[in-house]
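Data block below; observations after.
The values are calculated or read from the model by the stated rules, or taken from the named source; none is laboratory data. Values in this document were obtained by computation on a predicted structure and should not be read as measured data. Heads up, the Cβs are rebuilt from the backbone with ideal geometry, glycines too, and the neighbour counts pull from every protein chain shown. Accessible surface areas use protein heavy atoms only, side chains included; no ligands, DNA or RNA. Shrake-Rupley method; radii C 1.70, N 1.55, O 1.52, S 1.80 Å.
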Amino acid sequence: MKVLTLICFLGLAFMSGCSKSNNEADPAVDIGGESRQKTDRQWWKEGVIYQIYPRSFKDTDGDGIGDLKGIIQELDYIKSLGVDMVWLNPIYSSPNDDNGYDIDDYRAIMKEFGTMEDFDAMLKGMHERGIKFVMDVVVNHSSDEHEWFRQSRSSRDNPYRDYYHWWPAEKGKPPYRWSYFDEKGEAWKYDAQTDAYYLHYFSQKQPDLNWENPKVRQEVYDIMKFWAEKGVDGFRLDAFQFVSKDTSFPALPAGYEKDVRNVIKYYGMGPNLHKYLREMYDEVLSKYDVFAVSEGAGSSFEDAHSLVDADRKELQMAYHFEGVDLAGYGGYKLADLKKSFTDWDASFAKKGWISIFLANHDQARMVSRFGNDSPEFRAPSGKMLNTFILSMRGTPYAYYGDELGMTNINFDSIDQYRDIAAINGYKKALADGEDMDLFMKKLNFLSRDNGRTPMQWDDSEHAGFTTGTPWLPVNGNHDLINVETENRDKSSCLNYFRKMVRLRKDNLVLVYGDYQLLLPDHKQIYAYTRKLAQEGMLVLLNFSSGNAVATLPKEISLGDVQINNYDQVRIDGTTINLEPYQAVIFALK
Ligand code: GLC
């Protein structure tokens, strides 16, 4: 099913970043690890990123769409979480075919979100609170309403023609390319005006920019400089592994698109990608104190390293999609989750850096997919999953609402969905004669809209998100799951999240310490140690709804409990009895 394949891909992202200061050693610090040099210490490794989907965070003008003033209003809340960086999904002017990932002006703010003055005030407010800001940069494609594309499509000899990929019709039909969002699954769209096809890996309104054209690249660097001059601290480069293409567009094996890994293989890591990244580094990133992040890790550990290893001066951080891809409609196996995170950690133990996440705007809610969103287990499993992402090696990404344990909304009818991936995926499945009952069940569980419902601030009609009609309904469970209620409850998911962020920030061992998997074959428990010089921690996570027993290796000597999502933990010598979804971190003696 294409839409679900899409969701899988989109969940899998790759982050990286570089800045002049970031790539330089901080001689004042020594993290003392055996496997790493002291020069490895970096602020972007030690920080926790909070991702906000601006459309859904807080609306201040009653149009039902979140806005920048709403984020400004909640800066103290964000600060109270203890996070260090905020990544906002795109806030540029956009016709919103894909909620801002289709940009028609890279130097203007989307009118629903506010003005450039609001942006400046928001950035200032973050900086005053010591929070850094990461801007989403969407330059694999623009909107078809961008002036570049209007010009480009107007005639074959327009100076902007080569800003995009065109295939003249007299050459016949172009070799098939699959599109993520197209209702027919076709990435080449015929345009009668110039009797040619243009390429769009995403929707028809998201034509792919031609990075082989040096003018395009210069435009992008100028845009990045514009925002860097404004003071942004980082860039997330959307779908960036796709920018370099073999522009002869050779035929691909029939049916390649049926396996998402093939799409990444054939579209990703194109021939000039490294050249462009080096150029971007030289032109922009090396000139500012910025952190740049990019989506897309290629198809192997080697690809990932080739992008992020510090000596390459390209990008700095990888986020792999393998973890989020594991949890499909049929659930996932804990053994696979352990293997994926353990293998990635091993590959990056000595060099490079990855990010750790179980959710973002392209995914359904973490607690519904990886935990258990039943009333009985939602809170403990939500806390357990946050313990996981905040105790692994790598930079953790927390998605708005996951600090509260927000859950899937589970729409039943296609009319309820707003996401282009769901709507066009539905049309395609219908045309292909798929089992629509099954399709809807999968969508209900995995759709991106599950993760985009409005932030739950209080128990009022629209959860304090808006006084108008929200663009996407608020989850009915906001009477119980909301900031106001959870703020008052010492044992809430929210207060647990704050405590866990604090624990990570107070203990460099949780950032840099070596990771070692314990009890690899245990069916319920994910257990690992983190060790840095003399310090050590043991993390025990019960991923099941049953009680679970961990028998620890004899050489483990337990110190104090650092955090626990239950009031107690039952220990009997080297045997530990965990409650359903219990998460405990011990210091090691
Ligand atoms: C990235 C974004 C996703 C968007 C797509 C097209 O994968 O994360 O939300 O739809 O690119 O821009």
Once amide H atoms are placed 1.01 Å from N in the peptide plane, what residues at a sequence separation of 5 or more from Glu186, or on another chain, have their amide H within under 5 Å of its amide H? Ser179
Stretchable slack from Arg488 to Thr467, in nm (0.36 nm times residue separation minus alpha-carbon distance): 5.2 nm
Please give the residues of region 144-185, grouped as numeric ranges, whose backbone N is less than 18 Å from a label point set 7 Å along the Cα-to-Cβ vector of Asn272. 159-167
Filter the cross-link list Lys132/Lys230; Lys58/Lys442; Lys79/Lys499; Lys351/Lys499; Lys184/Lys258; Lys531/Lys554 down to pairs whose alpha-carbon distance in this structure exceeds 20 Å. Lys58/Lys442; Lys351/Lys499
The summed charge of the Met135 Cβ neighbourhood (under 10 Å; Lys/Arg +1, Asp/Glu -1) stands at 0
By the C-alpha gyration tensor axes a ≥ b ≥ c (rounded if a/c is under 1.5, else prolate when a/b exceeds b/c, else oblate), the shape of region 247-307 is prolate
Any idea what the dipole of region 513-588 comes to, in debye rounded to 20, about its Cα centre with Lys/Arg Cβ at +1 and Asp/Glu Cβ at -1? 120
Rounded to 10°, Cα long-axis angle of helix 493-506 versus longest principal axis of the chain: 80
Which of rounded, prolate, oblate describes region 155-271, given a ≥ b ≥ c as roots of the alpha-carbon gyration tensor eigenvalues and a/c under 1.5 marking rounded, otherwise prolate only if a/b is larger than b/c? oblate
Per residue Cα convex hull volume for region 513-588, in cubic angstrom? 81
Equivalent ellipsoid dimensions for the chain as semi-axes, Å, which come from the Cα gyration tensor, largest first: 38, 27, 24
What figure in square angstrom, to the nearest 10, would you give for the accessible area of Lys441 with a 1.4 Å probe? 100
Along the charge dipole of the chain, Cβ charges K/R +1 and D/E -1, which of Gly62, Gly464, Val138 sits furthest on the positive end? Val138
For the chain, which whole-number percentage of the solvent-accessible area (1.4 Å probe, protein heavy atoms only) is attributable to carbon and sulfur atoms? 47
Once you have the Kirkwood Rh of region 301-351 from its Cα pairs, apply Stokes-Einstein at 25 °C and 0.890 mPa s and quote D in µm²/s. 203
Gained length - Lys350 relative to Ala587, 0.36 nm times residue gap less alpha-carbon distance: 82.9 nm
Counting only protein heavy atoms and rolling a 1.4 Å probe, one gets per residue an accessible area for the chain in Å² of 36
Charge dipole of the chain built from unit charges on the beta carbon (Lys, Arg +1; Asp, Glu -1), centred at mean Cα; most positive-end Cα among Ile556, Ile414, Ala587 is Ile556
The chain: longest stretch without exposed GluC sites (Glu not before Pro) (DSSP loop, at most 13 other Cβ within 10 Å), sites themselves excluded? 35-375
Relative to the longest principal axis of the C-alpha atoms of the chain, give the angle of the C-alpha long axis of helix 116-128, reported between 0 and 90° and rounded to the nearest 10°. 20
Rank these residues by their accessible area, most exposed first, probe 1.4 Å: Arg418, Arg153. Arg418, Arg153
